[in-house]
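Where a number appears in this text, it was derived from the coordinates with a stated rule and is not lab data. The structure presented is a predicted model; accordingly, all values stated were derived computationally and were not measured. Note that each Cβ is placed from the backbone with ideal geometry, even for glycine, and that neighbours are counted across all protein chains shown.
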Amino acid sequence: MSLINRVKNKVNQLQDRYFPMKSFDPASIPWIDSPGADIDAFLQKFNRRFDVSYDLKEKLTGWREKGYAVLENIIPPEMIDNFMRDFDQLRDEPEKHKLSVRIDLPEFSPEQQRNISDFPKESLNGKYVKFNDFHNSSVAAKKLMSHPGIVTFLEAIFNDQVVVMQSLTFLYGSQQPTHQDFPWVTAKDPSHLAAAWIALEDIKIDSGPLYYYIGSQNMPKFDFGSGILYKPWSTRTPIEFADYLDKTCEALAYPKEILLIRKGDVLIWHGALAHGGSPILNPEQTRKSFVCHYSTYKSLPFHRISPGSEPIIQDYNGMYIYNNPALPESEDSFK
């Protein structure tokens, strides 16, 4: 990292600590989040590069009001099957691969995030497992996260160059408490964040399905004692955050909805939508999903783990995907 970039990073750290962010900057939020956003006027000028099977105006209207959109049956089964072949091979032969995996079980404390080969093989097929950034290893995953139907919608809400921030792959429900993504999955501008939840199988009610509070992207932001972003010096905890979200959503009468979608459907949600994982009622029932976070090139012109370096960019359907600088030997190892 150059001296100039080191100085910039230090200045940013000092600013984060002594002048914490208290809200999204109204001057830089995506156009659709602005009061009075005119969807009809936007669509008259928007350069849609792909034909899509859904009504874009209808989905944008729902996004503005509800904070999410479900794109039904947009992913062909063969794309998901190709992804699952790679993912199954990864878990069958973990000793041959390098990939960051997190297993939130006490027996793996204090190092719950490790290289995949450093976990017992049988644990990789259990619960509380997150496979991080598998898209860097798998071309099929890159193609899945950059499907034209997803790209089109993201280009519309951001009206900017879309980039991939990260991905998570799950076999089972996360059972994660209510949260919003932006305090943790943070670009230079945290309002430039959206996520896609790609169903890799039909989702069952007893699998611990995702839930979300409709319209909660508009709720007052939580202050961690470090502003609205979670930092190492934050004085309030993720559990307090979850409690605040649940109670505030109830007080503001935001309806809680359970996500029961089918293989090939995609939920795209706002970075400030409050959501979480329901309890798993059937311990044998999987909830296979591929979760991808996106931002804009303006807000994330670098790989998140190497902010001082020029990223190596792969272009998939006009979406930028950054090579992982920590594991260059693993890039596209599944082809």
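Among D315, D118, the ranking by other beta carbons within 10 Å of each residue's beta carbon, starting with the fewest, stands as D315, D118.
What is the distance in Å between the Cα centres of the stretch 249-313 and the stretch 15-46? With the stretch 249-313 and the stretch 15-46 each reduced to a Cα centre, they are spaced 20 Å. Pairs spanning more than 28 Å between alpha-carbon atoms, out of K98/K298; K256/K288; K96/K143; K231/K335: K98/K298; K231/K335.
Distance from the alpha carbon centroid of the stretch 118-132 to that of the stretch 63-92 works out to 20 angstrom.
Quick check on the chain: take the gyration tensor over C-alpha atoms, sort the square-rooted eigenvalues as a ≥ b ≥ c, and tell me if it's rounded (a/c under 1.5), prolate or oblate. Rounded, since a/c falls under 1.5.
Quick check on the exposure proxy: order M145, M319 from fewest to most C-beta atoms within 10 angstrom.
Working: M145 27, M319 21.
Result, fewest neighbours first: M319, M145.
Go through 187-200, 69-82 and give me the packing order, highest mean Cβ count within 10 Å leading.
Numbers: 187-200: 23.1, 69-82: 16.3.
In decreasing order of mean packing, 187-200, 69-82 become 187-200, 69-82.
Neighbour counts of C-beta atoms inside 10 Å place F290, F224 in the sequence F224, F290, starting with the fewest.
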